[in-house]
1. Report the residue count in the stretch 46-80 for those that are of a type outside the set (K, R) and either within 16 Å of E30 (Cα to Cα) or crowded, with 17+ Cβ neighbours inside 10 Å (or both).
2. Pairs, please: C-beta under 6 Å, at least 6 apart or cross-chain, first residue at pLDDT 90 or above and in the stretch 64-82, second of a type in the set (D, E) and crowded, with 19+ Cβ neighbours inside 10 Å?
3. So which residues in the stretch 3-17 are out of contact with any Phe, Trp or Tyr (no Cβ under 8 Å at 6 or more places or on another chain), among the charged types (D, E, K, R) and modelled with pLDDT under 90?
4. Would you check if K60 is charged (D, E, K, R) and more than 15 Å from the chain's Cα centre (by Cα)?
5. Restricting the first residue to the stretch 45-62 and requiring it to be acidic (D, E), which pairs with a second residue that is surrounded by 13 or more Cβ atoms within 10 Å (Cβ to Cβ) meet a Cβ separation below 7 Å and a spacing of at least six or different chains?
6. Within the stretch 1-14, take every residue that is assigned to a strand (DSSP E or B) and among the β-branched types (V, I, T) and give me the one that is surrounded by the most Cβ atoms within 10 Å (Cβ to Cβ).
7. What are the residues in the stretch 15-44 that are polar (S, T, N, Q) and either touching a residue at least 60 places away in the same chain (Cβ under 8 Å) or out of contact with any helix residue (DSSP H, G or I) (no Cβ under 7 Å at 6 or more places or on another chain) (or both), if any?
8. Among the residues of the stretch 81-111, write down those that are surrounded by fewer than 16 Cβ atoms within 10 Å (Cβ to Cβ), under 17 Å from G58 (Cα atoms) and of a type in the set (F, W, Y).
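The values are calculated or read from the model by the stated rules, or taken from the named source; none is laboratory data. What you see is a predicted model, and the numbers here were worked out from it, not measured in a lab. Reconstructed Cβ throughout: ideal geometry from the backbone, glycine too, with neighbour counts over all protein chains shown.
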Amino acid sequence: MAVALIEGVVVRGNRLGERMGIPTANIEVEETLALRDGVYASRVTIDGQTYNAMSDLGHKPTVGGRRRLLETNLFDFKGDLYGRNLQVELLWYVRPERRFDSVEELFRQIEDDRRSILERLASESR
């Protein structure tokens, strides 16, 4: 059973993830959304195709983010999602959002998160 389903229009971010090889689809969310900030395993369906993904809900403290966003990196998806309406199903909570000392440290953690999510998805599909 999913934690939550969040729907919204993909907006432009600062494109840091894209420059680092981990592009994200950003959806603005209400500050009052009753979910804890952090990283989630997630799933997104686009044009009838479902993609496993990971999402971060929060304020992006490492890069000085101010607005609350849901940033979702779709695994194995190539294409432009700007302006499209997405439904992101949050599957399980991975870890709390935190500030890292450097962008490099953040991206190492993102890779660790991605690997652990993919491992759990693989074990659950057996």
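1. If we filter the stretch 46-80 for residues that are of a type outside the set (K, R), which is where we start, we get 46-59, 61-65, 69-77, 79-80.
From what is left, the residues that are either within 16 Å of E30 (Cα to Cα) or crowded, with 17+ Cβ neighbours inside 10 Å (or both) are 52-59, 62, 65, 69-74.
Adding up the residues that qualify gives 16.
2. Qualifying pairs under 6 Å: E71/D56.
3. Residues of the stretch 3-17 that are out of contact with any Phe, Trp or Tyr (no Cβ under 8 Å at 6 or more places or on another chain), as a first pass: 4-9, 13-17.
Going one step further and asking which of them are among the charged types (D, E, K, R), we end up with 7, 15.
R15, the sole residue that qualifies.
4. Details: charged (D, E, K, R): yes; more than 15 Å from the chain's Cα centre (by Cα): no.
Criteria not met by K60.
5. D56/V39; D56/E71; D56/E97
6. As a first pass, look at the stretch 1-14 and keep what is assigned to a strand (DSSP E or B): 4-11.
Cutting the leftovers down to among the β-branched types (V, I, T) gives us 6, 9-11.
Details: I6: 20, V9: 14, V10: 18, V11: 13.
For the stretch 1-14, the residue satisfying everything is I6.
7. Within the stretch 15-44, N26, T32, S42 meet the criteria.
8. W92, Y93, F100 - these are the residues of the stretch 81-111 that are surrounded by fewer than 16 Cβ atoms within 10 Å (Cβ to Cβ), under 17 Å from G58 (Cα atoms) and of a type in the set (F, W, Y).
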